[in-house]
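Undergrad: This structure is in structure tokens; I'll ask about it shortly.
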């Protein structure tokens, strides 16, 4: 029985699963909005919130922890300089998930995950 077990396995081994989630978080931090399956979006939500919380703390230790997960200095800089000030008053819940329908090939439920309070192209144009 899987009582009190946390996390989804996605039919992958641990290393493959970790690489998948890291790449999804990197893409979300880079693009602010991505489309993926609903299960993957729900799983990466907590990881993304943790990275944003590192940015809000702002210490060198937290910067190194974010780099260990993101693996890119530009993304770490974006987290600490863009996202952390944007969410300084928010206590959590930095992402939002929209259900999008079903994928045509295998009928997997799809979702859009994005950051809350993100600027749209119309707002930037004003």
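Undergrad: Please go through (1) surrounded by 13 or more Cβ atoms within 10 Å (Cβ to Cβ); (2) out of contact with any helix residue (DSSP H, G or I) (no Cβ under 6 Å at 6 or more places or on another chain) for residue 29 and return the number of the only condition it doesn't satisfy.
TA: (2)
Undergrad: Would you point out which residue out of 94, 87 is within 13 Å of residue 50 (Cα to Cα) and touching a strand residue (DSSP E or B) at 6+ places or on another chain (Cβ under 8 Å)?
TA: After ruling out the rest, the residue left standing is 94.
Undergrad: Please go through the range 65-83 and pick out each residue that is surrounded by 12 or more Cβ atoms within 10 Å (Cβ to Cβ) and either at positive phi or without any contact (Cβ under 8 Å) to a residue 24 or more places away in the chain (or both).
TA: Those that are surrounded by 12 or more Cβ atoms within 10 Å (Cβ to Cβ) and either at positive phi or without any contact (Cβ under 8 Å) to a residue 24 or more places away in the chain (or both): 65, 66, 67, 71, 76, 77, 82.
Undergrad: Taking the options 45, 86, name whichever one is free of Cβ contacts under 8 Å to residues at least 40 places away in the same chain and under 17 Å from the mean Cα position of the chain (by Cα).
TA: Result of the check over 45, 86: 86.
Undergrad: Further question: So which residues in the range 104-121 are within 18 Å of residue 33 (Cα to Cα) and touching a strand residue (DSSP E or B) at 6+ places or on another chain (Cβ under 9 Å), if there are any at all?
TA: 109, 110, 111, 112, 113, 114, 115, 116, 118
Undergrad: Name the residues in the range 101-111 that are out of contact with any helix residue (DSSP H, G or I) (no Cβ under 9 Å at 6 or more places or on another chain) and outside any loop (DSSP other than H, G, I, E, B), would you?
TA: Those that are out of contact with any helix residue (DSSP H, G or I) (no Cβ under 9 Å at 6 or more places or on another chain) and outside any loop (DSSP other than H, G, I, E, B): 101, 102.
Undergrad: Exactly one of these conditions fails for residue 50: (1) in contact with a strand residue (DSSP E or B) (Cβ under 9 Å, 6 or more places away or on another chain); (2) at negative phi. Give me its number.
TA: That leaves (1) as the condition not met.
Undergrad: Here is a further query. Any residue in the range 21-38 that's on the phi > 0 side of the Ramachandran plot: show its pairings with residues that are surrounded by fewer than 18 Cβ atoms within 10 Å (Cβ to Cβ) and at pLDDT below 95 at Cβ separation under 7 Å, as long as the two are six or more apart or on different chains.
TA: 32/118
Listed here are the residues, each with its yes/no results for (1) in contact with a helix residue (DSSP H, G or I) (Cβ under 7 Å, 6 or more places away or on another chain); (2) modelled with pLDDT under 95; (3) outside any helix (DSSP H, G or I).
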{"site": "39", "(1), (2), (3)": "no, no, no"}
{"site": "75", "(1), (2), (3)": "yes, no, no"}
{"site": "83", "(1), (2), (3)": "yes, no, no"}
{"site": "92", "(1), (2), (3)": "yes, yes, yes"}
{"site": "99", "(1), (2), (3)": "yes, no, yes"}
{"site": "113", "(1), (2), (3)": "yes, no, yes"}
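Undergrad: Given the residues 19, 39, which is the only one that is surrounded by fewer than 16 Cβ atoms within 10 Å (Cβ to Cβ) and in contact with a strand residue (DSSP E or B) (Cβ under 9 Å, 6 or more places away or on another chain)?
TA: Only one candidate passes the filter, namely 39.
The values are calculated or read from the model by the stated rules, or taken from the named source; none is laboratory data. What you see is a predicted model; the values in this text were computed from it and never measured. We place every Cβ from the backbone using ideal geometry, glycine too, and count neighbours over all the protein chains shown.
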